[in-house]
Amino acid sequence: MKNFSIGALLFVLLFLSTHYSEARLQACKPSGDIIGKKPPPGQCNQENDSDCCKQGKSYPTYKCSPPVSGSTKAVLTINSFEKGGDGGAPSECDNKYHSDNTPVVALSTGWYSGGSRCLNNITISANGRSVTAMVVDECDSTMGCDDDHDYQPPCPNNIVDASKAVWKALGVPEDNWGELDITWSDA
């Protein structure tokens, strides 16, 4: 009887761990792809080393992001939210531009959650420091490679796209700005 109980327990644990792993993997798979178009001359602002779409290249799109926890892993990227910056149009949440000296961010589509985090603060941690930043925009994971998105590819599903103020507050040397593994949580 004892061997049966241990065997049954192991089976249940194996079953649950398999299904939990499958559920996490299925939680956020690409929802499609976009085929890149070459930007017209003078389009695609490459401030902050932004990528421009490449003709014929396939870019995955996502309608989701990994689950949010008290310490969600993400990749920090840099964006200018100023008029004329590589962020393009005014911020989605308030239809305004924001100074690069203000700690603001755009979140990947799934985390942006239809604007439910708009004008709320998140805490970003990396490099032994933390900073609070306001969510003002969506880093679109569903669309890209068009005029509305400055001919930049869709955002991956795990991006916190931050102003220069966030990078400065985290103490990252300017020559290392670009991409950084971070954790974040709702503040």
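Among (i) 1.03; (ii) 0.95; (iii) 1.10, find the value of Rg/Rh (Cα atoms, Kirkwood Rh) that was calculated from the structure presented, and write down its label. Checking each listed value against the structure points to (iii). Build a GNM of the chain with springs between Cα atoms under 10 Å apart, and of 174, 92, 82 the one that fluctuates most is 174.
Distance cut-off 27 Å, Cα to Cα: go down the list 29/73; 37/164; 54/96; 37/83; 57/164 and report the pairs above it. Pairs exceeding 27 Å: 37/164; 54/96; 57/164. Dipole magnitude for region 125-179: computed about the Cα centre from +1 point charges on Lys and Arg Cβ and -1 point charges on Asp and Glu Cβ, it is near 540 debye. Based on DSSP H segments of at least four residues, each scored -39500 (n - 2.57), the chain has a per-residue ellipticity at 222 nm of -6000 deg cm²/dmol. Other residues whose C-beta falls under 10 angstrom from the C-beta of residue 76 contribute a net charge of -3, scoring Lys and Arg +1 and Asp and Glu -1. What the chain shows is 56 Å² of accessible area per residue, with the surface traced by a 1.4 Å probe over protein heavy atoms. Annotation for residue 89 and residue 121: the two label points, set 7 Å from Cα along the Cα-Cβ direction, are 2.9 nm apart. Here the relative contact order of the chain, from alpha carbon pairs under 8 Å that lie six or more residues apart, stands at 27 percent. Multiplying the residue separation of residue 97 and residue 113 by 0.36 nm and subtracting their alpha-carbon distance yields 3.7 nm. Between 103, 60, 173, the GNM of the chain built on Cα springs shorter than 10 angstrom shows 173 fluctuating the most.
Subtracting the Cα-Cα distance of residue 31 and residue 73 from 0.36 nm times their residue separation leaves 13.0 nm of extension gain.
The largest accessible area among 134, 143 belongs to the first residue in 143, 134, and the rest follow in falling order (1.4 Å probe, all chains). Can you work out the PRE-style zone for residue 147? Point 7 Å along Cα to Cβ, and I want the residues of region 39-82 with backbone N under 13 Å. Hits in region 39-82 for residue 147 at 13 Å: 40-41, 43-44. Nonpolar atom fraction for the chain, defined as the carbon and sulfur part of the 1.4 Å probe accessible area, stands at 52 percent.
Rolling a 1.4 Å probe over the protein heavy atoms leaves residue 94 with an accessible area of roughly 40 Å².
Against the main long axis of the alpha-carbon atoms of the chain, helix 2-26 sits at an angle near 20°.
The values are calculated or read from the model by the stated rules, or taken from the named source; none is laboratory data. What you are looking at is a predicted structure, and each value in this text was computed from that prediction instead of being measured. Because the Cβ atoms are built from the backbone with ideal geometry, glycine has one as well, and the counts that use them run over all protein chains shown. Just so you know, the surface numbers come from the protein's heavy atoms only, side chains and all, with ligands and any DNA or RNA stripped out. Shrake-Rupley method; radii C 1.70, N 1.55, O 1.52, S 1.80 Å.
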